[in-house]
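The values are calculated or read from the model by the stated rules, or taken from the named source; none is laboratory data. All values derive from a computational prediction rather than experimental measurement. Here Cβ is always computed from backbone atoms with ideal geometry, including for glycine, and neighbour counts include all displayed protein chains.
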Amino acid sequence: MADLLVQQAVNGISTGMIYALVALGLTLIFGVMHVINFAHGEVFMMGAFVTVVAGQGLLGLPYPLAVLLAVAAMAIAGWVIDLAAVRPLLNRAEGQTDVLLSTFAVSLLLADTVLASHGPAPAFAPGWEGSLTIGSLTIAAQRVLVVAVGVGLVVLLEMVLRRTDFGRHLRAVAQDRFAARAVGIDVERVGSATFVAASACAGLAGALVAPVTMFSPGMGHQVIIMAFVVVVAGGMGSVTGAVVCGVALGVFESLASVFIPQSMASVTVFALLLVLLLVRPQGLFGQRR
Amino acid sequence: MIGSLLERVLRRPGFLLLLLAALVPLVLHAPYWSSLVVFAAVLAILGQSVNLLLGYLGQVSFGHAAFYGLGAYVAGLMAVKLGVDYWLAVPVAVAAAAGVGALVGLASQRLGGAYLAIATLTLAEMFRLIAANWIELTRGPLGVVVLPQKIAPLEAIGIPFDRYYLFIVLFCLALVSLVVERLMTGAVGRSWLAIREAAPLAEAAGIATLRLRVACVTLSGAIAGLAGGLIVPKIFVLSPDLFGVINSATALLVVVLGGKATILGPVVGGLIFAGVPELLRPVADYREVIFALLLLLAVRLMPGGIMGLLGDRLPRRPAASATVGPAPVADSGKVRGARLDIAALSKSFRGLAAVADVSFSAEAGQIVGLIGPNGAGKTTCLNLISGAIAADRGAVELDGKPVRGLTPHEIARLGMVRTFQQTLLCSRLNVVENVLIGTTCVVPLGIGDWLTVGGALRRAEARRLALAEEAMALMGLSDLSEAKAADLPYGAQRRLSVAVALAAGPRILLLDEPAAGLSPAEAADLAAALRRVRERGTTIVIVDHNVQMMSDLCDRLCVLHHGTRLAFGTPVEVLADPAVVSAYLGAAPAVETA
């Protein structure tokens, strides 16, 4: 039993890292643009989809190339989403509400297009084969890759945010859009770059997860709800909160699925989110206003 | 005549819908068409529910299928498992959805913004998983079959099921539309619109904004539950898909495409979305893709929806009609002014002391001015007194009663009402509607306002209108009462913000730079108006930069500098104080008092 629990906890870390990567993009866009990109989960799904398609059939690309293709494609998707569904609405009186609606439409568009063309059947992408054995623990190499890439990405993001001009511009826009524009920062470009970076991040998460769990057209919808759980618990706009809560959520879900069916574990998580909103609306790490 | 009738029907079509509910079942016999109209009406009811949030409160729900599915499951399961008469189970389903709505409201409305979307989305997914996995109760994905529930007495006199089912659904739609329409033309709807356009103003004018937002989500949940309960005889089978995203998305689309913030919008949207799937049958696989594209295009290109093309059709009535009924009783015009005591009030922002140990008092009926250079902490001081920001330390007492820690609307209801430095108004509403926002402080929302009928409602609205007219007269706005707030010249907007506060019947008025940006003549007019307010007995605490106006107007001046009190006394004493002079002009040997 103990072995099983440890095994599940270790597997949970990589699942949680995926949640963290998706939540990170969501929280980054919220932090900088003060809008929720509801289509973010579907970008994750498309990342996995591109990886599956690129690895199979005509293209038959090796996994690393398929990942690169997925990341590049999703970076472009992020740029298009910003251009088509976010930027034109931001300056409206009720911009935030309209962006919620338009990105909701984009998410349905992506999910239903894939569903209608590919069908609901799950698909598999071959990833990094092999596994690591430590004592009684067996860890799939792909799961190690997920955690390693995830940690690397978070460190890179922190470096970019703290050390580079772009990071400073981004933080300036996040703090005060108006003032940032006044000192000559191209606010639209920063917004566009945020969308590109966040979407590339979600695409990467999708490409990494495709060999671990099966790809399915519904995975975007599932992951966006989990990502919401993560950002609400971690405090909207907080990078640390997203990573900590993402990993914690993955481990919790993984451990819970030992005792109850997977779907009931999700129900428990969702119920906990609603309870959290009732009793501690500022999130676990947020300050009481 | 025709034009004004059309105008009335477009804004307030409730009675027309009621008429249609009675007539349509008489002429519509073909089961295919009757079933289609039932579906359209259910979608329209669901649309009215979403519109309450999206159109009037300005918030998005991604999971309205949670309430819709809950209504269907509660009504259906009660009929199948407990043998309760289906038509009696529907009200229970509505109550259950209302209860869940109240919880969602509480969970989301303290944060506002996107949290309603997140909470409803999560709830819908949770319900879907439960419905799909609680096999003993719901048979999971297979679903529960609910046979058509006949009403025996009606069958006995030969009315077929199709006919009275259609009538019941249409009647429910008309009733829901009528209730929403009447709420929106009354004090409740006015408060919702005020919360949406200028929440801090609504709160400061004595509206319990959190409670009213939660009430809106509760009502919306109840109406969606009704829609769910009514759809069961049409679909026969309760399946977890009822909670699916496509239902939530359709509900949003019905409102966005039909036209948000209108009563007819959801009805038009409902008709379209009952018909569109029939038209799209050849490309059924891509139906949802087309829905998604439509939603995106509507939000981008036609944010007002189809009804929006006909202009602003917010349900409202000319203010004059509110006077119908008993003659308004104007209040006597005398106010019992309140005494304000501030002691050692302090507030730091991340270690930076914005206000430190500030104390002063205002006797009943006095005008006390807060002056000081920019950044001296005047506005922060006002925010602390009015409850907009929580103070770190110190005491705020109104007639000797501590009020620190109360919410702004509670403080407003105790008689202390504020205005804002930046002009904060509901720009889409006209002058009298803006001023009416303040009046629920004096004439609170009653049961009549919620039931939207009765003599008490008419009397309450008449009293509110009388209060508003008095406040407009005091601030010289009577001639502008029908003008849109956004179209007023700047000076009139400043006076309007004071009038909103006056309509709340303050015993003490807190004014934050009411004269900012006014010409000398306008400032003099304002000062004269404020003297009239004081003559009625109201105490005034005023922040302003205009030292000349302040020293003429105020009985006492309190000078703030770097967050601390530099001097407090009569204008002559204070302006002769060397510390004050040096704070304003730099150290100066020659003292020139104003």
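Would you pick out the residues in segment A:37-61 that are hydrophobic (A, V, I, L, M, F, W, C) and within 14 Å of chain B (Cβ to nearest Cβ)? Quick ask: steps written out before the conclusion?
Narrowing segment A:37-61 to residues hydrophobic (A, V, I, L, M, F, W, C): A:38-39, A:43-46, A:48-50, A:52-54, A:58-59, A:61.
Listed by number, the residues that qualify are A:F38, A:A39, A:M45.
Got at least one residue in segment B:293-301 being farther than 20 Å from B:W33 by Cα, assigned to a loop (DSSP other than H, G, I, E, B) and modelled with pLDDT of 85 or more? Working first, answer last.
Keep residues of segment B:293-301 that are farther than 20 Å from B:W33 by Cα, which gives B:293-301.
With assigned to a loop (DSSP other than H, G, I, E, B) added as a condition, the list becomes none.
No; the residues of segment B:293-301 include none that is farther than 20 Å from B:W33 by Cα, assigned to a loop (DSSP other than H, G, I, E, B) and modelled with pLDDT of 85 or more.
Can B:D241 be described as within 29 Å of B:G186 (Cα to Cα) and not β-branched (V, I, T)? Let's see the steps before the verdict.
Numbers: within 29 Å of B:G186 (Cα to Cα): no; not β-branched (V, I, T): yes.
No; evaluated as a whole, the condition is false for this residue.
Looking only at segment A:213-242, count every residue that is among the hydrophobic types (A, V, I, L, M, F, W, C), under 20 Å from A:Q8 (Cβ atoms) and out of contact with any strand residue (DSSP E or B) (no Cβ under 7 Å at 6 or more places or on another chain) and tell me the total.
Step one: of segment A:213-242, the residues among the hydrophobic types (A, V, I, L, M, F, W, C) are A:214-215, A:219, A:223-233, A:236, A:239, A:242.
After this cut, where a residue has to be under 20 Å from A:Q8 (Cβ atoms) as well, the list is A:214, A:223, A:226, A:229-230.
Next cut, out of contact with any strand residue (DSSP E or B) (no Cβ under 7 Å at 6 or more places or on another chain) only: A:223, A:226, A:229-230.
Result for segment A:213-242: 4.
Take the residues in segment A:38-53 that are farther than 25 Å from B:A249 by Cβ and touching a Phe, Trp or Tyr at 6+ places or on another chain (Cβ under 9 Å); name whichever of them is surrounded by the fewest Cβ atoms within 10 Å (Cβ to Cβ). Show your work before the answer.
First, the residues of segment A:38-53 that are farther than 25 Å from B:A249 by Cβ: A:51-53.
Restricting the remaining residues to those that are touching a Phe, Trp or Tyr at 6+ places or on another chain (Cβ under 9 Å) gives A:51-52.
Details: A:T51: 32, A:V52: 24.
Per the stated criteria, the residue is A:V52.
Hey, does segment B:148-168 have a residue that's within 14 Å of chain A (Cβ to nearest Cβ), of a type outside the set (F, W, Y), assigned to a loop (DSSP other than H, G, I, E, B) and in contact (Cβ under 8 Å) with a residue 24 or more places away in the chain? No, segment B:148-168 contains no residue that is within 14 Å of chain A (Cβ to nearest Cβ), of a type outside the set (F, W, Y), assigned to a loop (DSSP other than H, G, I, E, B) and in contact (Cβ under 8 Å) with a residue 24 or more places away in the chain.
Being closer than 20 Å to B:L193 by Cα and assigned to a loop (DSSP other than H, G, I, E, B) is a condition met by at least one residue of segment B:451-458.
Evaluation of B:T440 against the conditions (1) buried (at least 22 other Cβ atoms within 10 Å of the Cβ); (2) of a type in the set (S, T, Y); (3) modelled with pLDDT of 90 or more shows that the sole unmet condition is (3). Filtering segment A:226-265 to residues that are aliphatic (A, V, I, L, M), within 14 Å of chain B (Cβ to nearest Cβ) and surrounded by fewer than 22 Cβ atoms within 10 Å (Cβ to Cβ) leaves A:A256, A:I260, A:M264, A:A265. Filter segment B:426-437 for residues that are outside any strand (DSSP E or B) and surrounded by fewer than 24 Cβ atoms within 10 Å (Cβ to Cβ); which is modelled with the highest pLDDT? Among those residues, the one meeting the criterion is B:E433. Among the residues making up segment B:15-36, a single one is crowded, with 22+ Cβ neighbours inside 10 Å and closer than 16 Å to B:S177 by Cα: B:L17. Among residues of segment A:62-96 being buried (at least 24 other Cβ atoms within 10 Å of the Cβ) and of a type outside the set (A, V, I, L, M), the one that is farthest from the other protein chains (Cβ to nearest Cβ) is A:G78. Among the residues making up segment B:513-524, those that are buried (at least 17 other Cβ atoms within 10 Å of the Cβ) and either small (G, A, S) or in a helix (DSSP H, G or I) (or both) are B:A515, B:E522, B:A523.
Condition check ((1) farther than 25 Å from B:L297 by Cβ; (2) out of contact with any Gly (no Cβ under 6 Å at 6 or more places or on another chain); (3) touching a residue at least 60 places away in the same chain (Cβ under 8 Å)) across all residues:
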residue	(1), (2), (3)
B:V217	yes, no, yes
B:T250	no, yes, yes
B:L253	no, yes, no
B:A261	no, no, yes
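Of all residues being modelled with pLDDT under 90 and polar (S, T, N, Q) in segment B:538-564, which is nearest to the chain's Cα centre (by Cα)? Just the residue, please. Out of the qualifying residues, it is B:N546. Within segment B:187-197, one or more residues are within 13 Å of chain A (Cβ to nearest Cβ), part of a helix (DSSP H, G or I) and charged (D, E, K, R). If you check A:Q222, A:Q282 for being out of contact with any helix residue (DSSP H, G or I) (no Cβ under 8 Å at 6 or more places or on another chain), within 14 Å of chain B (Cβ to nearest Cβ) and closer than 22 Å to A:L100 by Cβ, only one passes: A:Q282.
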